[in-house]
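I have placed the structure first, in the form of structure tokens, so that the comments after it can refer back to it.
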Amino acid sequence: MGGRKWFIELYPKGDSRADGKWLSVYLCLADSDKPKADEKIFMQGHVGVLDPVGSKHFSRTGKRWHAESSRGWGWVQFLCLTELRKLYLDKEDTLKLEIEFEVVSATKYSPII
């Protein structure tokens, strides 16, 4: 996407800030493709969780500028695990994600000195 390598970080029991009660989801740039000091990348999109038949879903949308110091973009508290287990896991406890993102802009900038 946008000529760069991206990956999803998914924490089924939440990351260290989610108290084991939330699904945490992040979209991250590969280390080799992180913006340089004078670059920024603007992206937007959504992450959705499909129900077992692939229709009804829970989703969140967002927009973000990625800079050199950005680790990734996403949600610590994406979806409550109680709701996830009840509505979105199939018989094999499989979770289906739907992810759509686009890189809207990539720019170089210079701070005014």
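The values are calculated or read from the model by the stated rules, or taken from the named source; none is laboratory data. These figures come from a predicted structure and were not determined experimentally. Virtual Cβ from ideal backbone geometry, glycine too; neighbours counted across all protein chains shown.
If you go through region 90-113 and keep only what is modelled with pLDDT of 90 or more and in a loop (DSSP other than H, G, I, E, B), you end up with D90, K91, E92, D93, T94, L95.
Of the numbered criteria (1) over 29 Å from T107 (Cβ atoms); (2) surrounded by fewer than 16 Cβ atoms within 10 Å (Cβ to Cβ), the one L23 fails is (2). Kindly indicate whether E9 is of a type in the set (D, E) and out of contact with any Gly (no Cβ under 9 Å at 6 or more places or on another chain). No. Go over the candidates D31, D90, D15 one by one and state the one that is among the acidic types (D, E) and without any contact (Cβ under 8 Å) to a residue 12 or more places away in the chain. Exactly one of D31, D90, D15 is among the acidic types (D, E) and without any contact (Cβ under 8 Å) to a residue 12 or more places away in the chain, namely D31.
Yes or no, residue by residue, for (1) surrounded by 15 or more Cβ atoms within 10 Å (Cβ to Cβ); (2) closer than 19 Å to Y11 by Cβ:
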residue: D38; (1), (2): no, no
residue: F42; (1), (2): yes, no
residue: V49; (1), (2): yes, yes
residue: G54; (1), (2): no, no
residue: S69; (1), (2): no, no
residue: L95; (1), (2): yes, yes
residue: A106; (1), (2): yes, no
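Note on region 1-83: enclosed strands (runs of 3 or more DSSP E) holding 1 or more residues that are hydroxyl-bearing (S, T, Y) are 6-11, 22-29, 57-66. Residues of region 71-91 that are closer than 30 Å to A37 by Cβ and surrounded by 15 or more Cβ atoms within 10 Å (Cβ to Cβ): G72, W73, G74, W75, V76.
Beta carbons closer than 7 Å, at least 6 apart along the sequence or on distinct chains, pair a first residue in region 56-85 that is on the phi < 0 side of the Ramachandran plot and of a type in the set (D, E, K, R) with a second that is outside any strand (DSSP E or B) and surrounded by 16 or more Cβ atoms within 10 Å (Cβ to Cβ) for E68/K34; E68/P35.
Checked against (1) in contact with a Phe, Trp or Tyr (Cβ under 8 Å, 6 or more places away or on another chain); (2) surrounded by 15 or more Cβ atoms within 10 Å (Cβ to Cβ), A30 meets all criteria but (2).
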